[in-house]
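The values are calculated or read from the model by the stated rules, or taken from the named source; none is laboratory data. Quick caveat, the model's predicted, so the values are computed rather than measured. Note: ideal-geometry Cβ built from the backbone for every residue, glycine included; neighbour counts use all protein chains shown. What goes into the accessible areas is simple: the full protein's heavy atoms, side chains included, and nothing from ligands, DNA or RNA. Shrake-Rupley method; radii C 1.70, N 1.55, O 1.52, S 1.80 Å.
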Amino acid sequence: MYGGGNTFEKLQTKALKDEDPQLLAVFEARIERGEKIEPTDWMPDLYRKQLIRMIEQHAHSEIIGALPEGTWITRAPGFKRKLALMAKVQDEVGHAQLLYSAAETLGKSREQMIDDLISGKSKYSNIFNYPAFTWADSCFISWLVDAGAIVNQTANARGSYGPYCRALERICIEESFHLKYGHHCVIHLATGTPIQRKMMQEAFNRWWPPMMHFFGPSDKISAHTEVLMKWKVKMDTNDNMRNQFLDMYVPKIWELGLTLPDPNLKKNEETGRWEYTEPDWEEFKRVINGDGPCNAERLAVRRMAEERGRWVRKALLSPKSKYVTPLA
Ligand code: FAQ
């Protein structure tokens, strides 16, 4: 288990024991009925903490996720691709703003979240710690990382915490455009010249292992799934989300004549589930804990942005600024 196995379970049990049993029962009954929990409603401390952890990591992933694609804006082939990619990257940063706002409703300030990101305390999605060497890498991200994000987020948009679900609904609509754009880019390369096809295939070979990691550790070792599913924050397990993604996208990838770097990947028609080589969870653990190929570079860019934007924030918050409404 990633959260420390038994120790983590004991901490969860202890946290729940400290709650008022009556309030807890009312809260759980509301969730059972499919009601949304809103910021001013009573909630167990563990629900609040888990939501902050998950929404904050999600927000950081959107911000950091803009970086590998962002570097391709000036090098995207042609004016239309540049425009589309610029709009997509802008959307991703906007998603982070929505998510930071949703997390703030639970009591953690945006400043603290940003500080925890740039100090390396908070996590963000494993996949953005890999380099986008070629244009085809950027196309892979736009199609399949967005596709993975949609599988996860359309499910969780039906979850229990109102502000997060509403943010996810809007995010998913925008991600659907990204996915169509990314699919178009991949089709273009996969049906192009031999050099373009080769470039696309190499991107699939590079990105497939982190894509398998993207849905989180296997259910056998996932630390938080049980409690998050009980309270309808996560609407399905990591393995089920991974399976759904494989079901929807592997046939489309194979249709384009591309291959995936896993000789064991196949659908078991009897069980309806995909079989694959178990992802390397040790590599995953290293990457999410700061030791991936690009972790240092990604955080350095965020730190630089934070430093360079300091004067703007200071000016906006100055009592003399016309953008600040004086307190009555
Ligand atoms: N990367 O017990 P579980 C996007 C950590 S948005 C890094 O299974 P949980 C848009 C986990 O935090 C992509 N860390 O955890 C875009 C925990 O560590 P902790 C992000 C990961 O929360 C597209 C530990 O492992 N999406 O791509 C990952 O139940 C293109 C144990 O794991 C979201 O954040 C990972 N992949 O399930 C932008 C969606 N997986 O905190 C730009 C919301 C696990 O104990 C371009 N989040 N960990 O230290 C979720 O659905 C869940 O949090 C999971 C993980 C499914 C990611």
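Observations on the model:
- The range 113-128, residues that are part of a helix (DSSP H, G or I) and within 13 Å of the ligand (Cβ to nearest atom): Asp116, Leu117, Asn126, Ile127, Phe128
- For Asn240, the stated conditions do not hold, so it cannot be described as touching a Ser or Thr at 6+ places or on another chain (Cβ under 7 Å), polar (S, T, N, Q) and either open to solvent by 50 Å² or more (accessible area, probe 1.4 Å) or not in a loop (DSSP other than H, G, I, E, B) (or both).
- Verdict on Arg81 being within 25 Å of Met211 (Cβ to Cβ), touching a residue at least 60 places away in the same chain (Cβ under 8 Å), part of a helix (DSSP H, G or I) and more than 13 Å from the ligand (Cβ to nearest atom): yes
- Taking the criterion of being free of Cβ contacts under 8 Å to residues at least 40 places away in the same chain and assigned to a loop (DSSP other than H, G, I, E, B), the residues of the range 36-56 that qualify are Thr40, Asp41, Trp42, Met43, Pro44.
- Unique residue being over 16 Å from the mean Cα position of the chain (by Cα) and over 20 Å from Leu299 (Cα atoms) when the list is Asp115, Asp20: Asp20
- Only residues that are more than 14 Å from Ile63 (Cβ to Cβ) and open to solvent by 50 Å² or more (accessible area, probe 1.4 Å) were counted in the range 88-108, giving 3.
- Hits in the range 43-76 - residues which are in contact with a helix residue (DSSP H, G or I) (Cβ under 6 Å, 6 or more places away or on another chain), open to solvent by 30 Å² or more (accessible area, probe 1.4 Å) and near the ligand (Cβ under 10 Å from one of its atoms): Leu67
- Between Pro210, Pro163, Pro131, the distinction of being within 12 Å of the ligand (Cβ to nearest atom) and under 19 Å from the mean Cα position of the chain (by Cα) belongs to Pro210 only.
- Entirely in the range 152-230, the helices (runs of 4 or more DSSP H) that have 3 or more residues that are buried (at least 17 other Cβ atoms within 10 Å of the Cβ) and at positive phi: none
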